[in-house]
Amino acid sequence: MLADCGRVNSLPDGAGVELRGWIRSKRHHGRLMFIDLRDGTGVVQVTLKAAELPEADFQAVSSAGRESAVVVWGVVVHDPRAPGGAEVRARKIELLSASLEEFPIKKGVGPRFLSDHRHLAIRSPKAAAILRFRSNLLKSIRNWFEREGFVEVHCPTFITAAVEGGATLFEVNYFGKKVYLTQSVQFYQEAAIYSLGKVYSIQPSFRAERSKTRRHLTEFWHVEGEMAFAGLDDLMRVVERLVGEASAETLENSRELLKLLGRERSPESVEPPYHRVKYSEALDILASKGVQLEWGSDLGADEEKILTMEFDKPFFLTHFPRKAKAFYHMPDPANPELTLSADLLAPEGYGEIVGSGQRIHDYEQLLARIVEEGLEPADYKWYLDLRKYGSVPHSGFGLGVERLVQWLLGLKNIRSAVMFPRTMSRTYP
Ligand code: NSS
């Protein structure tokens, strides 16, 4: 029976199995050999006794280096001494493909070396566990949207005008014309709600971030949603349910992965409701910690960190000043200096994972904000058009996949949450 390395311990004693995988490590004791065999589902110990299998098989594998590919036929033996509680005693083994050179990833190599060899480093069980967790999370997010009646839309990556300010736009030479890589599909989703009602997208966004921080990428995966007939309160309820329910389900489905990663995070720790904290209250909290932030400024990484240390669950930071936010944010009718915006911040120093808000849906008001920001109305012609035909209050959000993975798994650097990270200083491999 073809079996997964990671599930051998759930098979009965004496079961005959065929395993296909890679040699993670090997230990020799004369005519006895132990192999840790890895196949993407996990690692299992394979015991080879020279007396119990063809001599040629034993010899071939004796000289095979790490990451050589093999097929093993053997018998499951439950043994508390084996890592995972069960091992496979080999009866036959075939060397499919011996490593040509010594595998370069070994104990003691530095972070730069690992990044340069990311194409090989992702074979480690920890890296694989993070990628698997990320996959589980995306599955739960997608299922959540589908259950809630959102329609998936796919939006372009080449765009002609900034969504989140010109400073982080990547330029592309598009047949001699200057276009950009998208920072967010929000504007296309705003068009889509008049066609479909509630929509979502899961695709990459690009930011020419000059900051070398542990939570900025230049290419990240963006989960975005937009809803017609929704105000700020409706929006926050959707965001907290999506983040809370999809995260809880993922944690529930990823117990083994968390154990392997040595992480403990209970589904309760992500359970909504989340606190709502106004920007002005945040300034008071910061002041009480001896940090003075000028009214109107956006929170920097340091301020965010100090503020989030006060919380043990994600929380919303709402009603940012107009001048700290992009032009499309709806001014608060109660105080037009503020906006109906809400960022969701992860606790314990992690910071922003969602940016969201109600959009301006009035044509004249949006035009005035575009002009006030010194932008060119002609660049936003089609976006303004949306306000001409049955425009309604609407709201939406953007969730950074890597930021959420980073927080849920307590990763030091956001780069570990991506298979092949892109940052200011890295586009290889
Ligand atoms: O700039 S955001 O706060 N908001 C938007 O882009 C909206 N236009 C989304 C929308 O309403 N449809 O970015 C949203 C999230 C932010 O909270 C982070 O979680 C993530 O996108 N984000 C990033 N992750 C990693 N690296 C970088 N550079 C980055 N920038 C944003």
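Quick rundown of the values:
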read-out	value
Part-to-part distance (alpha-carbon centres) for the range 362-393 and the range 52-128, which is given in Å	60
Sequence-distant residues sharing a close amide H with D332 (under 5 Å, placed H)	L338, T339, L340
Net +/- balance of residues flanking G410 in space, Cβ distance below 10 Å, scoring K and R +1, D and E -1	+1
Helix-derived mean residue ellipticity, 222 nm - over the chain, DSSP H n ≥ 4, -39500 (n - 2.57), to 500	-8500 deg cm²/dmol
Rounded tilt (10° steps) of 279-288 against the dominant C-alpha axis of the chain	70
FRET efficiency estimate (nearest 0.05) - Cβ-Cβ, K107 to H28, R0 22 angstrom	0.75
Two-site FRET efficiency, E264 against V371, from Cβ-Cβ distance with R₀ of 41 Å, rounded to 0.05	0.20
Length gained when the stretch E146-V392 is fully extended (0.36 nm per residue, less Cα-Cα span)	86.2 nm
Cubic angstrom per residue, convex hull over Cα atoms of the chain	178
Computed label-point distance, nm, for sites L96 and Q203 using a 7 Å Cα→Cβ extension	3.6
Gain on full stretching of the segment that runs from N173 to A127 - 0.36 nm per residue minus C-alpha separation	13.0 nm
Whole-Å distance, taken between Cα centres, linking the range 230-291 and the range 328-352	15
Cα-based reach from K106 at 27 Å (exclusive), listing lysines while leaving out same-chain residues under 8 positions away	K26, K49, K126, K212, K259, K412
Estimated vicinal HN-Hα couplings, Hz - the range 385-395 in sequence order (Karplus 6.51, -1.76, 1.60; Gly, Pro = x)	3, 4, 7, 8, 10, x, 5, 10, x, 7, 9
Degrees separating the helix 186-196 axis from the principal Cα axis of the chain, which is the longest one	90
GNM result for the chain, Cα springs below 10 Å: residue of Y350, Y328, Y363 fluctuating most strongly	Y363
Shape category assigned to the range 186-315 from the gyration tensor of Cα positions, a/c cut at 1.5	rounded
Lys, Arg +1 and Asp, Glu -1 on Cβ, resulting dipole of the chain about Cα centre, debye, nearest 20	1700
For R276, distant residues with modelled amide H under 5 Å away	F316
Of all accessible heavy-atom area on the chain, the percent that carbon and sulfur account for (1.4 Å)	53
Proximal lysines relative to K177, as straight alpha-carbon distance under 22 Å, when same-chain residues fewer than 8 apart are discounted	K381
Mean Cβ count within 10 Å, highest first, over the residues of peptides 239-252, 184-197	239-252, 184-197
Positive-end residue of T182, W221, L37, charge dipole of the chain with Cβ unit charges	L37
Whole-number percent relative contact order across the chain, with pairs defined as alpha carbons under 8 Å at least 6 apart	13
Rounded D (µm²/s) - the range 1-90, Kirkwood Rh over Cα pairs, Stokes-Einstein at 10 °C, 1.306 mPa s	124
Equivalent ellipsoid, the range 71-179 (semi-axes from 5 times Cα gyration tensor eigenvalues, Å)	44, 25, 15
For the range 325-429, alpha-carbon Rg over 2.2 N^0.38 Å	1.39
Candidate lysines - alpha carbon under 20 Å from K278, same-chain residues fewer than 8 apart omitted	K289, K305, K313, K323, K325
Cα long-axis angle, helix 125-147 against the chain (0 to 90 degrees, to the nearest 10)	50
Nearest-20 debye value, the range 288-429 charge dipole, Cβ charges on Lys, Arg, Asp, Glu	520
The range 257-337 - Rg over Rh from alpha carbon coordinates, Kirkwood radius	1.08
Gain upon complete extension [Y363, V291; 0.36 nm per residue less C-alpha separation]	22.0 nm
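The values are calculated or read from the model by the stated rules, or taken from the named source; none is laboratory data. Being a predicted model, the structure only gives us computed values, none of them experimental. Neighbour counts are summed over all protein chains in view; Cβ atoms, including those assigned to glycine, are modelled from backbone coordinates with ideal geometry. Calculation scope for accessible area: heavy atoms of the full protein, side chains included, ligands and nucleic acids excluded. Shrake-Rupley method; radii C 1.70, N 1.55, O 1.52, S 1.80 Å.
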